Amino acid sequence: MAEAARRALSAAARILAALCGAFAIAYASLAPAAAPQNKNPSWSQLTPQQREILSPLAGEWDKLEPVRKKKWLGVAKRYPKMTPIGKKRVKTRMRKWAELTPAQREEARKRYQRIHSMPPAKREALRKRWKEYESLQPQPRK
């Protein structure tokens, strides 16, 4: 009798495994395929939310390099979770960035890389000097 029970249990386990496999295959065929990600979307291919967030870049979006578009799309993805102050800061910086010429942008990128590669202590000293400069009245700044 134990042998018969063991065979019945083994048969039930095989049936259960076959059903699980069949359900997995059926589910996979029903699940929508992941939408292919366009690595270089045009302005018209962006979602309405992305276009709203990235609106300062609308005039030049289609001229941007794919790597730049990817970075801005990352900003747009993080934007809804930002604080109101953070959102305002991003929009302001985006507008200022859009106003720069390509040469000015390249210079800003180089300056960022130069500062970012500094040792932390030197970066902190630079930050302190900048705060001191900002605290000056407009006339002494010149």
Report every pair of residues separated by at least 6 positions or lying on different chains whose Cβ atoms are under 6 Å apart, first residue within the stretch 87-108 and free of Cβ contacts under 8 Å to residues at least 12 places away in the same chain, second assigned to a helix (DSSP H, G or I) and among the aliphatic types (A, V, I, L, M). none
Does residue 103 qualify as being exposed (fewer than 10 other Cβ atoms within 10 Å of the Cβ), within 30 Å of residue 51 (Cα to Cα), over 23 Å from the mean Cα position of the chain (by Cα) and at pLDDT 90 or above? yes
Name the single residue that is surrounded by the most Cβ atoms within 10 Å (Cβ to Cβ) among those in the stretch 54-90 being among the basic types (Lys, Arg) and closer than 20 Å to residue 102 by Cβ. 69
Test residue 51 against the stated conditions and say whether it is more than 21 Å from residue 101 (Cα to Cα), part of a helix (DSSP H, G or I), among the basic types (Lys, Arg) and more than 12 Å from the chain's Cα centre (by Cα). yes
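The values are calculated or read from the model by the stated rules, or taken from the named source; none is laboratory data. The structure presented is a predicted model; accordingly, all values stated were derived computationally and were not measured. Positions of Cβ are backbone-derived with ideal geometry, glycine not excepted, and every protein chain shown enters the neighbour counts.
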